[in-house]
Amino acid sequence: MEISKFIRIALTRTSSLFYFKKRSKVIFYHDIDSGKKYTDMSTSIELFKKHINILRERGYEIVDEIKQPFGQIEICFDDGFLGLYDNIDLIIELNIPIHLFVVFSYLEKENHINKEQLLLLNRLRLIKISSHTETHQVLNLASESLLKNELKNSKNLLEGLLENSVDSICYPEGKFNNRVVELAKKVGYIKQYSSLPGFYFNEFLPNVKRRSLVQFAGEKEFKAILKGGDHVLFFWYKFKHYKK
Ligand SMILES: [Zn+2]
């Protein structure tokens, strides 16, 4: 069951009227499309540019790591689709840091960034690469050994490939539970990114960050999400994504 788009946007916009401060937030996408669409979750290049313009007009600083409670935005991309690589010149031109979460086994998969391309991206100052597990298993349903493998292997394999440390993870389909959080921490992930909407410093659990999905948000919805309007949907997302 999904909340209808109309209701979701109406709720988000109405609730945004109750927020007045520009509190720092993580927003996320799946891909950018400038003619070739590698996934249905892709954001058109026009809409993506519009979002960046809005962020700049409103005086937000787009950063690789949020350090201030107000005025900073971190941008994530999940899954490692090829459109981000195709449009890397735009990222460089806009000079925006991107936190890219890749699924290690997808580096061999059609429509996804491959290992060679990932190494090129990794050399760019603007791109930080983190784990989105090894095979995109839904972690709260995984057995103990599968969960361990997904968390550990992806970290080790990525670190081996990139020759740098990998200290963040985001959950496939946003789904997780306390077992996932504890084990990820034990494996060495310092930050875990959920898909629960919220402000950066308002952690869901220690080191579990909130993020807002903005890939299809039109101008008005995007502005409302920045203010925190989508937090009204928090309990709905929590219900869908998190079981203790
Ligand atoms: Zn994913």
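Miscellaneous remarks
- Here the condition is being modelled with pLDDT of 95 or more, over 17 Å from R23 (Cα atoms) and more than 18 Å from the chain's Cα centre (by Cα); of K244, K155, K186, it holds for K186 alone.
- Residue, surrounded by the most Cβ atoms within 10 Å (Cβ to Cβ), within region 113-126, restricted to residues that are of a type outside the set (K, R) and part of a loop (DSSP other than H, G, I, E, B): I113
- Cβ-Cβ contacts under 7 Å between residues 6 or more apart (or on different chains), taken from a first residue in region 94-105 that is touching a residue at least 12 places away in the same chain (Cβ under 8 Å) to a second residue that is acidic (D, E) and within 12 Å of the ligand (Cβ to nearest atom), are listed as F101/D78; V103/D79.
- Of the residues contained in region 158-165, none is found to be in a helix (DSSP H, G or I), buried (at least 21 other Cβ atoms within 10 Å of the Cβ) and in contact with a Leu (Cβ under 8 Å, 6 or more places away or on another chain).
- Of all residues in region 82-122, exactly one satisfies the criterion of being on the phi > 0 side of the Ramachandran plot and touching a helix residue (DSSP H, G or I) at 6+ places or on another chain (Cβ under 8 Å), namely N111.
- From the list E110, E65, the one residue that fits, being part of a loop (DSSP other than H, G, I, E, B) and under 21 Å from D40 (Cβ atoms), is E110.
- Of the residues making up region 177-197, those that are outside any helix (DSSP H, G or I) and either free of Cβ contacts under 8 Å to residues at least 40 places away in the same chain or in contact with a strand residue (DSSP E or B) (Cβ under 6 Å, 6 or more places away or on another chain) (or both) are G188, Y189, I190, K191, Q192, Y193, S194, P197.
- Residue in region 69-83 that is touching a Phe, Trp or Tyr at 6+ places or on another chain (Cβ under 6 Å) and in a helix (DSSP H, G or I) present: yes
- I129 fulfils the conditions (1) more than 16 Å from the ligand (Cβ to nearest atom); (2) outside any loop (DSSP other than H, G, I, E, B) except for a single criterion, (1).
- Residue within region 21-42 that is among the small types (G, A, S) and in a helix (DSSP H, G or I) present: no
- Being surrounded by 20 or more Cβ atoms within 10 Å (Cβ to Cβ), part of a helix (DSSP H, G or I) and away from the ligand (no atom under 16 Å from the Cβ) is not true of K148.
- Where a residue in region 53-65 is free of Cβ contacts under 8 Å to residues at least 40 places away in the same chain and its partner, wherever it lies, is among the basic types (K, R), with Cβ under 7 Å and at least six apart: none
- Filter result for V214 (crowded, with 20+ Cβ neighbours inside 10 Å, over 17 Å from the mean Cα position of the chain (by Cα) and touching a residue at least 40 places away in the same chain (Cβ under 8 Å)): no
The values are calculated or read from the model by the stated rules, or taken from the named source; none is laboratory data. Source: prediction; values computed, not measured. In this analysis, Cβ positions are derived from the backbone assuming ideal geometry, glycine residues included, and neighbour counts consider all displayed protein chains.
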